[in-house]
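As structure tokens, the structure follows; a few thoughts come after it.
The values are calculated or read from the model by the stated rules, or taken from the named source; none is laboratory data. What you see is a predicted model; the values in this text were computed from it and never measured. All Cβ positions, glycine included, derive from the backbone under ideal geometry; neighbour counts span all protein chains shown. Heads up: the accessible areas ignore ligands, DNA and RNA and are worked out on the full protein's heavy atoms, side chains in. Shrake-Rupley method; radii C 1.70, N 1.55, O 1.52, S 1.80 Å.
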Amino acid sequence: MTVQPAPPPPQVMTGGLTFLFAVAGGAAVGNLYWAQPLLDFIAGDLRASTAVAGWLVTATQVGYAIGILLFVPLGDVLDRRRLIPLMLLVSAVMLVVCALAPSFGSLLAAISLLGVTTVAGQLLTPLAGDLAVESQRGQVVGTVTSGILTGILVSRTISGLVAEFAGWRTIFAAAAVVAVLLAGLLYRKIPALEPKERLPYFRLIASVFSVVRRERAVRWTLLLGGTGFATFTMFWTSLTFLLSSPPFEYPVSVIGLFGLAGLAGALAARRAGRLHDRGWSLPATGAGWVLVLASFTVAMFAGRSVVLVLVVVVLIDVAIQGLNILNQTRIFAVSDEARSRLNTTFVTGNFIGGAIGSAAAAVLWSVGEWRAVSVAGMVLSGLALTIWAIGRRGALVVS
């Protein structure tokens with residue numbers, strides 16, 4: 001008798017569950033950025049220089065890239081209903097350790113481990129892709145990804161406001177409470193799904209690299225994604241330096257509010273997933289990089305104008321976040337069975353790029369301040385446009 005394959009799981013990605021995934025993903029990834037607008041604040045409290053304090057952002061992103069590589073592939077072989085809440089609880093423990101850190105060295109170690117463990121958002125994104133119907137996958141993944149990117153921006157705003165009135169340690173303690181609450185909600189709402197494959201751990205990790213070697217479209221998309229995230233973190237890290245220096249000299253609470261301008265960009269970029277669903281992914285990618293190039297061109301003239309700074313913030317966030325959604329959705333189309341591993345490659349590449357961008361921001365600022373950062377952004381945009389122009393008729397096309 002012929003054994004029939006098991007029916008696919010029911011498509012349960014409702015609007016409410018999509019919203020929960022977006023909020024939880026945003027809260028998880030927001031943990032990487034609590035410290036970014038507080039570098040001067042933390043440096044003064046723990047007796048470190050601002051340049052040294054900048055390594056908090058870099059260390060968190062490096063830790064995050066490691067955590068993505070070690071833990072996100074498990075989404076293809078374990079029950080994500082248990083795995084995702086567990087990772088949120090572990091990150092909550094590390095947030096408490098950050099809040100209690102007595103010295104800069106101990107905070108640097110704790111925040112690095114926080115980066116390693118706060119990967120729940122990148123487990124939720126491929127799960128959303130699995131649960132969504134194919135005709136709406138781009139829209140659903142775009143909404144969840146937009147929630148994650150919104151978390152990056154809102155975390156800066158919340159961080160600055162809370163630190164101004166209650167100290168920087170309070171924000172880490174509050175984030176730990178939120179992580180625990182979200183872990184409980186997700187455990188109740190995520191459906192139990194059978195693992196897609198059964199692989200030993202080391203074979204699972206090895207298969208992450210195998211899919212990169214096998215799929216040319218993945219490699220080219222990773223290059224574009226890493227370049228985009230390097231540009232994104234270089235801009236936001238440098239913006240903190242700009243706004244805390246003359247002629248602005250804003251306090252951390254005001255610097256954090258600039259994240260709200262970026263939030264407008266995140267909401268606008270949320271619709272990028274629909275462009276993928278309609279078959280416009282590659283043309284929209286080229287348009288996005290043209291917008292990034294235009295944004296850094298405007299940034300050249302924004303060093304003394306808060307209005308122009310706000311314009312650049314919105315434009316860059318619309319462009320980079322839309323590009324991120326398009327790249328991620330395109331990669332998910334490569335394989336239904338390996339979405340967690342594909343997401344591992346994508347996010348690891350992004351955050352390696354992000355770490356490079358953060359480190360480059362400090363170097364560029366010491367060399368030529370805001371003008372040097374703007375020129376570097378224009379150069380990176382031109383490089384990405386060249387990659388896109390070469391690959392759009394072949395290497396970037398998903399068969």
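Expressed as a fraction of 2.2 N^0.38 Å, the C-alpha radius of gyration for region 164-231 is 1.79. Distance from the Cα centre of region 123-166 to that of region 287-359, in angstrom? Cα centres, region 123-166 to region 287-359: 14 Å. Assuming charge only on the beta carbon of Lys and Arg (+1) and of Asp and Glu (-1), the dipole of region 187-334 about its Cα centre is about 660 debye to the nearest 20. Accessible surface of Arg274, taken over heavy atoms with a 1.4 Å probe and every protein chain present, rounds to 80 Å². In the frame of its principal axes, region 115-238 has Cα extents of 51, 39, 34 Å, reported largest first. Positive end of the dipole of the chain (Cβ unit charges, origin at the Cα centre): among Ile356, Leu70, Pro283, the Cα lying farthest that way belongs to Pro283. In this label model, Arg213 and Ala192 are separated by 3.8 nm, measuring between points 7 Å along each Cα→Cβ vector.
Distances over 11 Å make up what percent of all Cα-Cα pairs in region 41-86? The partial results should precede the final answer.
Values: 746 of 1035 pairs.
Pairs farther apart than 11 Å: 72 percent.
Per residue, the convex hull spanned by the Cα atoms of region 197-355 amounts to 122 cubic angstrom. For the Cα trace of region 293-369, dividing Rg by the Kirkwood Rh returns an Rg/Rh value of 1.11.
Comparing Ser135, Trp365, Ala92 along the charge dipole axis of the chain, the residue lying farthest to the positive side is Ser135, per the Cβ-charge model. Once the Cα atoms are used to define both axes, helix 201-214 deviates from the longest principal axis of the chain by about 80 degrees.
Once you have a ≥ b ≥ c as the square roots of the Cα gyration tensor eigenvalues for the chain, tell me rounded if a/c is under 1.5, and otherwise prolate or oblate according to whether a/b is larger than b/c. List each step's numbers first, then the result.
Values: a/c = 1.85, a/b = 1.28, b/c = 1.44.
Here the chain falls in the oblate category.
Under 10 Å, Cα contacts only: if you run a Gaussian network model on the chain, which one of Gln122, Gln328, Gln136 comes out with the highest mean-square fluctuation? Highest fluctuation among the options: Gln136.
Once the piece of chain linking Leu86 and Val133 is laid out straight, how much longer is it, given 0.36 nm per residue of separation minus the C-alpha distance between them?
Working: separation 47, 0.36 × 47 = 16.92 nm, distance 2.69 nm.
Full-extension gain reported as 14.2 nm.
Between Ala206 and Leu383, full extension at 0.36 nm per residue minus the direct alpha carbon distance yields a gain of 60.7 nm.
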